[in-house]
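Participant: Let me begin by handing over the structure; questions about it come next.
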Amino acid sequence: MHTSLATTSRLLWAALRALLVLTLLTGVVYPLAVTGIAQGLFPGRANGSQIEEDGHVVGSRLIGQRYELPAGKGEKTPRPDLRWFQPRPSNGLGTNSVNTRYRLLLSGATNRSGDNPELIRWVEEAKDAVVRDNSTPHYRVDPARVPADAVTSSGSGLDPDISPAYARLQVHRVAERNGLPVGRVAELVERHTDGRVLGFLGEPRVNVLELNVALREMTGA
């Protein structure tokens with residue numbers, strides 16, 4: 001009886017010591033070591049690839065955001081603020097229904113097939129809006145030249161980048177709305193166009209947030 005109790009106590013004490021040691025290693029030492037290495041070698045990425053403007057964090061270069069005007073009376077959805085370059089559509093995003101105190105967006109795609117009538121309607125409406133919003137008295141957008149990323153959302157709905165073609169399509173509208181020469185805005189787009197990774201991976205892209213931060217600096221807004 002006493003031998004069995006002593007054995008059980010010894011096993012329990014060994015298990016408790018193992019638990020304490022592993023908790024210390026995996027719950028304290030390892031996280032601190034990884035955090036220290038990340039902050040030392042990759043501080044920007046470790047902190048979420050934040051973009052700052054005038055000392056304030058305005059977003060992350062990894063997550064897209066909308067540029068919209070407050071919804072007016074009777075409007076179901078807010079209108080885009082046409083002073084700024086616009087990102088891809090985000091039809092795939094759902095709304096937060098768990099905690100309605102916060103208007104969070106849920107990442108996701110539309111999950112519609114290519115021949116889905118609702119998706120086709122979304123694309124057609126988005127294309128009409130792109131042509132209408134980006135045409136100016138001196139520049140008419142050719143519907144045939146509207147790129148795919150201007151009318152379709154990404155798989156996550158939070159893509160921070162657009163194609164150079166979509167950015168260039170918006171140049172005349174942005175220039176007119178901000179009272180800037182078209183050439184200066186076009187040059188701004190070219191400066192913020194990133195090429196393929198390692199020269200052959202992916203496609204050229206423009207980060208919308210970084211581009212709009214530069215535009216704000218240019219206009220002094």
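Participant: For residues that are surrounded by 11 or more Cβ atoms within 10 Å (Cβ to Cβ) and more than 18 Å from the chain's Cα centre (by Cα), scanning just the stretch 54-72, find the one that is nearest to Ile162 (Cα to Cα).
Facilitator: Residues of the stretch 54-72 that are surrounded by 11 or more Cβ atoms within 10 Å (Cβ to Cβ), as a first pass: 57-69, 71.
So of that shortlist, the ones also more than 18 Å from the chain's Cα centre (by Cα) come out as 69, 71.
Working: Leu69: 21, Ala71: 25 Å.
Looking at residues that are surrounded by 11 or more Cβ atoms within 10 Å (Cβ to Cβ) and more than 18 Å from the chain's Cα centre (by Cα), I get Leu69.
Participant: Among the numbered conditions (1) of a type in the set (Gly, Ala, Ser); (2) at pLDDT below 90; (3) assigned to a helix (DSSP H, G or I), tell me where Ser156 comes up short.
Facilitator: (3)
Participant: Among the residues of the stretch 188-221, how many are surrounded by fewer than 13 Cβ atoms within 10 Å (Cβ to Cβ) and touching a Lys or Arg at 6+ places or on another chain (Cβ under 6 Å)?
Facilitator: Residues that pass the stated criteria total 1.
Participant: Which pairs do you get when a residue that is within 16 Å of Ile162 (Cα to Cα) and part of a strand (DSSP E or B), found in the stretch 173-197, comes within reach of a residue that is among the aliphatic types (A, V, I, L, M) and modelled with pLDDT of 95 or more, reach meaning Cβ atoms under 6 angstrom, with the pair 6+ apart or on two chains?
Facilitator: Taking only residues 6 or more apart or on different chains, the pairs are Thr193/Val206.
Participant: Given the structure, is Ala167 surrounded by 16 or more Cβ atoms within 10 Å (Cβ to Cβ) and in contact with a Leu (Cβ under 9 Å, 6 or more places away or on another chain)? Please lay out each step first, then the result.
Facilitator: On the way: surrounded by 16 or more Cβ atoms within 10 Å (Cβ to Cβ): yes; in contact with a Leu (Cβ under 9 Å, 6 or more places away or on another chain): yes.
Yes; evaluated as a whole, the condition is true for this residue.
Participant: Is there any pair with a first residue in the stretch 49-60 that is closer than 14 Å to Glu217 by Cβ and a second that is charged (D, E, K, R) and in a strand (DSSP E or B) whose Cβ atoms are under 7 Å apart and which are 6 or more apart or on different chains, and what are they?
Facilitator: Val58/Glu52
Participant: Condition check: over 20 Å from Gly59 (Cβ atoms) and of a type in the set (Phe, Trp, Tyr). Does Tyr139 satisfy that? Steps first, please.
Facilitator: Numbers: over 20 Å from Gly59 (Cβ atoms): yes; of a type in the set (Phe, Trp, Tyr): yes.
So Tyr139 passes the test.
Participant: Counting only residues that are of a type outside the set (A, V, I, L, M, F, W, C) and surrounded by 13 or more Cβ atoms within 10 Å (Cβ to Cβ), which one in the stretch 97-115 is modelled with the lowest pLDDT? Give the derivation first.
Facilitator: Here is the first cut: in the stretch 97-115, the ones of a type outside the set (A, V, I, L, M, F, W, C) are 97, 99-103, 107-108, 110-115.
If we keep only those that are surrounded by 13 or more Cβ atoms within 10 Å (Cβ to Cβ) as well, we get 107-108, 110, 112.
Values: Ser107: 72, Gly108: 69, Thr110: 72, Arg112: 78.
The extreme case among them is Gly108.
Participant: Another question, then. Please go through the stretch 128-155 and give me each residue that is crowded, with 16+ Cβ neighbours inside 10 Å and of a type in the set (Asp, Glu), ordered by number.
Facilitator: Hit for the stretch 128-155 is Asp149, nothing else.
The values are calculated or read from the model by the stated rules, or taken from the named source; none is laboratory data. Because the structure is a prediction, the values reported are computed rather than measured. With ideal geometry, Cβ positions are generated from the backbone for all residues, glycine too; neighbour counts draw on all protein chains shown.
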